[in-house]
Amino acid sequence: MKNGELENLKTGLESMLSYKGKSFNYKLLKNIDLIEEELKIFTQLRKQPHPDYINFENGRTILCMKHAKKDENGQAIIENGRYDIEDRVGFEIDFADVKSKYQDVIDDMMQTENDMMAFMNKDTDIDWVKIDYNEVPNDISGEDMKKIKFLISE
């Protein structure tokens, strides 16, 4: 199981807490706690952006507005959430200056993104609390049984 799957697994385990059985529920809760601890690492990786990130974004936005096609009121045209750039060459030249000024910000953002992706794609190293087959509630659905199959010991 990859770390990127943990949030969905947590939600799935929480949805099973309505089944009867204190030992079953206790072990679900213990596994939920383990997932939450692992997800704290992800939260730490998703740190606050570089202090100059806002300045970089403002500079980029100003360039987009400057080089975008304009409507009849002189406002930059935005299509599908993106500026419709008219002067692509001029934009690229100006943006190269902004990027060079904020290269440390860009490097920091890329490193954070790489660290987050590496964590999400890594196999989880959680030492799961196993649930004995006899502790699994008789009325558990096949769908829920499939979600926790890896936790069940026979």
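Computed 3J(HN,Hα) for the range 116-127, one whole-Hz value per residue from the Karplus formula 6.51 cos²θ - 1.76 cosθ + 1.60 where θ = phi - 60°, is 5, 5, 4, 5, 5, 8, 7, 5, 5, 10, 6, 8, glycine and proline marked x. Against the main long axis of the alpha-carbon atoms of the chain, helix 6-15 sits at an angle near 50°. Computed from backbone phi with θ = phi - 60° and the Karplus coefficients 6.51, -1.76 and 1.60, the 3J(HN,Hα) list for the range 34-46 is 4, 5, 4, 5, 5, 5, 4, 4, 4, 4, 5, 5, 7 Hz; x is used for glycine and proline.
Checked against a 26 Å cut-off, the cross-linked pairs K30/K147; K2/K99; K20/K40 give Cα-Cα distances beyond that limit for K2/K99; K20/K40. Look at where the Cα atoms of the range 19-65 and of the range 95-154 average out, and the two centres are 11 Å apart. Using alpha carbons only, the radius of gyration of the range 53-101 set against its Kirkwood radius gives Rg/Rh = 0.99. Mean silhouette area of the chain, derived from the convex hull of its C-alpha atoms and averaged over all directions, reads 13.5 nm². Database remark: amide H of I152 closer than 5 angstrom to the amide H of I131 (H placed geometrically; neighbours at sequence offset of 5 or more, or on other chains; Pro and chain starts carry no H). Measuring nothing but alpha carbons in the range 88-129 and taking Rh as the Kirkwood radius, the Rg to Rh ratio lands at 1.36. Cβ crowding within 10 Å ranks M65, M116, M16 as M65, M116, M16, fewest other Cβ atoms first.
Between E143, E113, E38, the Gaussian network model of the chain with springs among Cα atoms under 10 angstrom shows the greatest mean-square fluctuation at E143.
So which trypsin sites (Lys or Arg not before Pro) in the range 119-154 are both in a DSSP loop and have at most 12 other Cβ atoms within 10 Å of their Cβ? Those satisfying the criteria are K122.
Rounded to the nearest 10 degrees, the angle from helix 88-101 to the longest Cα principal axis of the chain is 70 degrees. Close amide H contacts of T124 (hydrogens built in the peptide plane, cut-off under 5 Å, sequence separation of 5 or more or a different chain): K2, N3.
Each value in this text was obtained by applying a stated rule to the coordinates, not by laboratory testing. Please read all numbers here as calculations on a predicted model, not as lab measurements. Note: ideal-geometry Cβ built from the backbone for every residue, glycine included; neighbour counts use all protein chains shown.
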